[in-house]
Every structure is written in structure tokens, then in C-alpha cells.
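Remarks on the structure that follows.
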Amino acid sequence: MPATAPDFMQPVLDFLGCTTPESWIQAALTDLPTLLQDHANCEKKAASTAMNMMFRYNDRDRLQDELAQLAREELLHYEQVRDLMRQRGLGYRPVSASRYAEGLRQHVRTSEPGRLVDLMIIGAFVEARSCERFAAIAPHLDDELKRFYTFLLRSESRHFQHYLGLAETYAGTSIRERVAFFREVEQALISQPDDEIRFHSGPPTLTPVRAGALASATCP
Ligand SMILES: [Fe+2]
Ligand SMILES: [Fe+2]
């Protein structure tokens, strides 16, 4: 995290098990068009996921209020990423989803309220990681993208807090152990090498050129 990182980033960093490896940043910078398309996809998916939960849990007032606002903000972010792509002459390109979200969701419990609590905890990790990645890559980008990603930090950190608060509200008991479990899963997903660069991918697959950069990763 840069020395000038805002205070609201600290809870995000405390929540996550590790920070983004330098090798991911370097790989991401070599393919910004793919990263932007993946980012657009992630924003649209974040809105869709929030709305799916609104339909599934119709009777939960707090969830309806907070996820309705969250879904609107994710769609706004989606529009903003598309505007940036359009200004740069980047049209739609097919970019497959990373293994990240599915890797988390496969551990969701099947009975309630465990399922709801797990989905909220996963939402918190996805938002926190997005926020951490925006902060990690922002200083390396051109002024326009730097402004955009810095602007996104505050809303994504707020989304993280909303999901975590909802998990606590509906659990009816401590979520500490479940958070610790998903922290380990998330850390493993973000630490394992990936062939393709995505916003939630691991470090690039080891090549002789990248071996040195990977040594500086802060994930164990
Ligand atoms: Fe967003
Ligand atoms: Fe978000």
C-alpha cells in the first residue's frame, strides 16, 4: 500500500491474509486492455450477485436496503469502466472469469443461515481484495486511470464493510472462525500462479524472466 493510502484502507488490509505480489502488478501492467475488460465483467457480476441475493433473501430488510444501493453502485462502476474503455478505443473482448469466485463459493454451506452468512463473508473478501488491488495498481497507472482507481477505493471499502456487517447480523453468533476459514481459502487462491492475468488472479506462472519478481511477493 502506498504511504499516502487513506485511513479507510486499514480495515481492508487487516481483514485480508496477504497483499498483492509485485509480480501480479507487473504482469497486469503489460495487458491493461484485458484487465479493463475483466474489471468491467467483475463490476457487472458484482451487481448481479447482489441482486441474486436480494431475490433469494426477500424477507431480510437490512440486506434489501444495503444490497440495493450496492448493486446500483456496481452498475455505475460498470458504466464508468466501459466509458474509459470506449475513450481508449477498446471494444468488447471475450475474457473468461478467473477461478477466484468459484474457488470461494464451492465452500458455501448448504443449510441456512450458514449459506447466507458464508455468501456475505465471501462478498466481504471479494470487495476487500478488489479494493486492495485497486490501491496496489493505481500508483503505476496513467493519471486518468490512477484517478479512477483511487476514486473506487472508498466505495469498495464501504461495500466490504456492508457485507461483513450483514454476515455478523444474520449469523446470530460469532463469525470469527468462518472468516478465518475463508481468509485461508482466499489467500491460497490469490497466491497460486495463474496462466492468465485477471483482477483476482494469482501471480503469473513462473518463467525465468518473472522468477525474480515473484520472489518479492508478500503472499507466503
Ligand atoms: Fe465496484
Ligand atoms: Fe464493490
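The values are calculated or read from the model by the stated rules, or taken from the named source; none is laboratory data. Bear in mind that the values here come from a model prediction, so they are computed numbers and not experimental data. Here Cβ is always computed from backbone atoms with ideal geometry, including for glycine, and neighbour counts include all displayed protein chains.
I'd like the full set of residues that are of a type in the set (S, T, N, Q), out of contact with any Asp or Glu (no Cβ under 8 Å at 6 or more places or on another chain) and surrounded by 14 or more Cβ atoms within 10 Å (Cβ to Cβ), limited to region 146-174.
Thr150, Gln161, Thr169
Given the options Ala97, Ala138, name the one that is out of contact with any strand residue (DSSP E or B) (no Cβ under 7 Å at 6 or more places or on another chain), surrounded by fewer than 16 Cβ atoms within 10 Å (Cβ to Cβ) and at negative phi.
On the way: Ala138 fails: surrounded by fewer than 16 Cβ atoms within 10 Å (Cβ to Cβ).
Result of the check over Ala97, Ala138: Ala97.
Give me the pairs: first residue in region 113-127 and free of Cβ contacts under 8 Å to residues at least 12 places away in the same chain and under 16 Å from Arg60 (Cα atoms), second residue in a loop (DSSP other than H, G, I, E, B) and more than 13 Å from ligand 2 (Cβ to nearest atom), beta-carbon distance under 6 Å, and six or more apart or on different chains, which are they?
Pairs that qualify, where the first residue is free of Cβ contacts under 8 Å to residues at least 12 places away in the same chain and under 16 Å from Arg60 (Cα atoms) and the partner is in a loop (DSSP other than H, G, I, E, B) and more than 13 Å from ligand 2 (Cβ to nearest atom), are Arg115/Val108; Arg115/Arg109.
Check off (1) farther than 16 Å from Leu164 by Cα; (2) aliphatic (A, V, I, L, M); (3) under 15 Å from the mean Cα position of the chain (by Cα) for Leu84 and give me the number that stays unchecked.
(3)
Filter region 11-40 for residues that are under 14 Å from Glu127 (Cα atoms) and in contact with a Phe, Trp or Tyr (Cβ under 9 Å, 6 or more places away or on another chain); which is nearest to ligand 1 (Cβ to nearest atom)?
His39
Looking at (1) within 29 Å of Leu145 (Cα to Cα); (2) away from ligand 1 (no atom under 16 Å from the Cβ); (3) modelled with pLDDT of 95 or more, which one does Val95 not meet, given that it meets all the others?
Looking at each condition in turn, Val95 falls short on (3).
Determine the pairs where a residue that is farther than 18 Å from Ala101 by Cβ, located within region 164-184, has a partner that is in a helix (DSSP H, G or I) and among the small types (Gly, Ala, Ser) with Cβ atoms under 7 Å apart, the partner being 6 or more residues away or on another chain.
Every condition considered, the pairs that remain are Ile175/Ala167.
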